[in-house]
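Notes follow once the structure below has been shown.
The values are calculated or read from the model by the stated rules, or taken from the named source; none is laboratory data. Small disclaimer: the values here were computed from a predicted structure and weren't measured. In this analysis, Cβ positions are derived from the backbone assuming ideal geometry, glycine residues included, and neighbour counts consider all displayed protein chains.
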């Protein structure tokens with residue numbers, strides 16, 4: 001009997017040790033309700049930005065990780081977003097006297113340390129207990145702009161407070177409730193947000209197969225919309241999009257312009273004609289994006305359409321660019337193709353999971369350093385000089401056309 005009890009105690013001890021090791025491997029995750037989110041607080045060492053995805057997969061619960069990482073349908077557009085940058089090369093220039101390149105730039109009157117900002121993305125609380133407030137603190141530490149989704153899992157007040165006066169933009173998905181639209185825009189304005197991002201490429205949610213297979217439901221509330229428009233905790237992405245205004249026209253850009261004195265950025269432009277329409281309707285900036293490959297699979301990569309859109313815009317308004325940006329060379333190529341700043345989504349969320357606000361700062365510092373390295377090797381001293389660079393297409397066929 002004593003021997004049996006001893007064996008049981010040994011087995012239970014082993015199981016307890018295995019459980020504790022598992023907790024440590026997953027970053028000491030903290031329980032919020034029934035959801036286990038990371039609570040790490042540390043700088044992260046980055047050798048290659050692509051490593052972050054696999055590292056974050058060890059920390060973020062499976063369904064939530066698939067929601068963050070995944071794209072629509074076959075994820076062809078998601079993959080092309082990254083791969084499309086390989087269609088052009090940077091001509092290295094030497095004997096240029098470049099030393100310690102200056103990455104400082106400005107957009108919509110705001111001076112930032114680098115042409116790299118945080119893209120708006122929903123529910124950072126899936127990655128870390130500090131949620132968007134933690135992201136905002138890390139972005140502020142890197143001296144750049146935080147873009148905040150109205151589907152954030154922190155309140156607008158908490159995010160603004162965490163930013164401590166650093167520039168922040170607010171992303172609006174128009175609700176069917178126009179009074180709510182006005183209220184939340186005015187709240188963002190009152191809290192000190194510097195611009196409104198009107199997202200126009202998501203009248204419905206894309207067919208995100210992984211979310212369907214996982215039967216993914218938001219395990220946390222999205223407090224900026226849940227009280228007024230929809231219940232979010234325990235509901236899927238489809239229910240969230242269903243509460244949004246599905247029919248969007250140039251008039252909606254005009255309506256948002258009438259709600260605020262802040263600049264209005266139209267996000268989700270993928271065609272030169274739509275850039276013209278948005279500017280005609282009053283857009284103060286154009287955001288070239290295919291929603292990170294999460295909406296229409298089979299659409300072109302964002303980089304594939306950037307140059308054409310930039311030529312049509314012709315410097316009338318600034319251009320923000322996202323989707324697939326992972327490296328300094330990607331940032332360089334986007335700016336050389338007409339972007340004024342680029343926005344980063346998934347890598348920042350992975351950094352949040354791996355290190356909290358310090359992890360976010362680590363990701364942005366790495367990208368800034370990587371851009372400086374590329375600028376030095378390419379012979380460009382500042383952002384203005386990148387804009388004068390001509391990229392080299394890897395083939396001369398009509399389809400490539402220099403991208």
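Annotation note: of 190, 194, 186, the sole residue that is surrounded by fewer than 23 Cβ atoms within 10 Å (Cβ to Cβ), free of Cβ contacts under 8 Å to residues at least 12 places away in the same chain and more than 23 Å from residue 239 (Cβ to Cβ) is 190. One residue alone among 305, 342 is under 23 Å from the mean Cα position of the chain (by Cα) and part of a helix (DSSP H, G or I), and that residue is 305. Looking across the stretch 250-277, just one residue is out of contact with any helix residue (DSSP H, G or I) (no Cβ under 9 Å at 6 or more places or on another chain), outside any helix (DSSP H, G or I) and closer than 24 Å to residue 295 by Cα, and that is 265.
Just one of the listed residues (343, 384, 339, 334) is out of contact with any helix residue (DSSP H, G or I) (no Cβ under 9 Å at 6 or more places or on another chain), at pLDDT 95 or above and crowded, with 22+ Cβ neighbours inside 10 Å, namely 343.
Here the condition is being in contact (Cβ under 8 Å) with a residue 24 or more places away in the chain, outside any helix (DSSP H, G or I) and within 21 Å of residue 89 (Cβ to Cβ); of 324, 298, it holds for 324 alone.
The residues of the stretch 33-76 that are in contact with a strand residue (DSSP E or B) (Cβ under 9 Å, 6 or more places away or on another chain) and more than 25 Å from residue 141 (Cα to Cα), listed by number, are 36, 61, 64. Check the stretch 148-157 and report whether any residue there is assigned to a helix (DSSP H, G or I) and either within 24 Å of residue 233 (Cβ to Cβ) or assigned by TED's automatic domain parsing to the domain that holds residue 321 (or both). There is at least one residue in the stretch 148-157 that is assigned to a helix (DSSP H, G or I) and either within 24 Å of residue 233 (Cβ to Cβ) or assigned by TED's automatic domain parsing to the domain that holds residue 321 (or both).
Of everything listed in (1) under 12 Å from residue 126 (Cβ atoms); (2) at pLDDT 95 or above; (3) surrounded by 15 or more Cβ atoms within 10 Å (Cβ to Cβ), the single unmet condition for residue 32 is (2).
Flag: residue 358 does not match the condition of being in a loop (DSSP other than H, G, I, E, B), assigned by TED's automatic domain parsing to the domain that holds residue 169 and touching a helix residue (DSSP H, G or I) at 6+ places or on another chain (Cβ under 9 Å). Among residues of the stretch 46-57 that are farther than 11 Å from residue 363 by Cβ, none has a Cβ under 6 angstrom from a residue that is surrounded by fewer than 16 Cβ atoms within 10 Å (Cβ to Cβ) at a sequence gap of 6+ or on a separate chain.
Are any of the residues in the stretch 303-318 in contact with a helix residue (DSSP H, G or I) (Cβ under 7 Å, 6 or more places away or on another chain), under 22 Å from residue 70 (Cα atoms) and assigned by TED's automatic domain parsing to the domain that holds residue 80? Within the stretch 303-318, one or more residues are in contact with a helix residue (DSSP H, G or I) (Cβ under 7 Å, 6 or more places away or on another chain), under 22 Å from residue 70 (Cα atoms) and assigned by TED's automatic domain parsing to the domain that holds residue 80.
Any idea which residue in the stretch 158-183 is nearest to residue 240 (Cα to Cα), counting only those that are without any contact (Cβ under 8 Å) to a residue 60 or more places away in the chain and part of a loop (DSSP other than H, G, I, E, B)? Ranking the qualifying residues of the stretch 158-183, first place goes to 177.
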